[in-house]
1. Ignoring solvent entirely, what values of log10 I(q)/I(0) come out of the Debye formula for the chain at 0.12, 0.14, 0.15, 0.19 Å⁻¹ when each Cα is a single scatterer?
2. Hey, any idea what % of the chain's accessible area is carbon plus sulfur with a 1.4 Å probe?
3. Given the DSSP H assignment, sum -39500 (n - 2.57) over each helix run of at least 4 residues in the chain and divide by its residue total; what's the result at 222 nm in deg cm²/dmol, nearest 500?
4. For Gln100 paired with Leu137, estimate the spin-label separation in nm (one decimal), with each label point 7 Å from Cα along the Cα-to-Cβ line.
5. Name the residue, out of Ile13, Ile55, Ile21, whose mean-square fluctuation peaks in a Gaussian network model built on the chain with Cα pairs under 10 Å.
6. Which of Asp19, Asp60, Asp70 moves most in a GNM of the chain, Cα contacts under 10 Å?
7. Estimate the FRET efficiency between Val2 and Ser107 by the formula 1/(1 + (r/R0)^6), using the beta-carbon distance for r and 25 Å for R0, to the nearest 0.05.
8. Only four residue types carry charge here, +1 at the Cβ of Lys and Arg and -1 at the Cβ of Asp and Glu. Report the dipole size of the chain about the Cα centre in Debye, rounded to the nearest 20.
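The values are calculated or read from the model by the stated rules, or taken from the named source; none is laboratory data. Since the structure is predicted, the reported quantities are computational estimates derived from the model, not experimental observations. So basically every Cβ, Gly included, is an ideal-geometry build from the backbone, and we count neighbours across all protein chains shown. Ligands, DNA and RNA are stripped out before the accessible areas are found, and what is left, the full protein with its side chains, is counted by its heavy atoms. Shrake-Rupley method; radii C 1.70, N 1.55, O 1.52, S 1.80 Å.
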Amino acid sequence: MVNAVYPGTFDPITNGHLDLIKRAAKMFEHVTVAVASNNTKNPLFDMNERVDMAIDVLTDFENVSVVGFDNLLVEFTEMHNASVILRGLRAVSDFEYEFQLAGMNRSLAPDIETLFLTTAEQYAYLSSSLVKEVARLGGNITKFVPEQVIAEIEKKLG
Ligand code: ADP
């Protein structure tokens with residue numbers, strides 16, 4: 001059986017991420033959600049807050065764990081005995097960057113495969129950054145993120 005790592009910023013985790021994790025949990029023996037510290041992206045939540053939110057919404061999944069990381073992704077993947085890096089594709093616009101990332105990671109670690117799951121249609125337009133934008137402007141985000149995350153966004157944005 002194969003273990004997978006699902007890396008991202010998860011600032012914060014959305015229903016789109018969750019849908020992908022649910023589907024991946026059925027396909028892989030274990031899925032490690034890898035929360036990148038990604039300070040260059042200037043995230044709203046620090047890494048520990050993003051990890052805690054993801055843990056909170058994923059408690060029911062026995063074969064899913066959540067870990068923060070700030071080292072090289074392929075090294076992290078090897079350390080967790082995984083041979084697959086999982087990414088989500090929403091639109092053609094995701095493709096170019098993802099193609100580049102997958103190529104770089106293959107060049108660094110040829111034994112690790114990057115696999116893509118396409119988004120469920122209802123989440124195709126959903127991104128963490130849009131959710132934050134809508135929340136900042138006072139829009140309703142209940143359809144886009146789990147309840148626990150709404151409370152954290154409200155706390156953060158005041
Ligand atoms: P990153 O900063 O690495 O892009 P994200 O947290 O934005 O991290 O996304 C992590 C992964 O989840 C990426 O592969 C991204 O394409 C995918 N993803 C993000 N939103 C969705 C969604 N709504 N449906 C499916 N996949 C998604």
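1. Here the Debye-derived log intensity ratios amount to -0.50, -0.69, -0.79, -1.29.
2. On the way: 4640 of 8970 Å².
So the carbon and sulfur contribution to the accessible surface is 52 percent.
3. Values: 6 runs with 68 residues, N = 158.
Roughly -13000 deg cm²/dmol at 222 nm, from the helical runs in the chain.
4. Here the modelled spin labels are 2.7 nm apart.
5. Ile55
6. Asp60
7. Details: r = 21 Å, r/R0 = 0.85.
Between Val2 and Ser107 the formula returns 0.75.
8. Working: 13 positive and 22 negative charges, 81 e Å.
Roughly 380 debye, rounded to the nearest 20.
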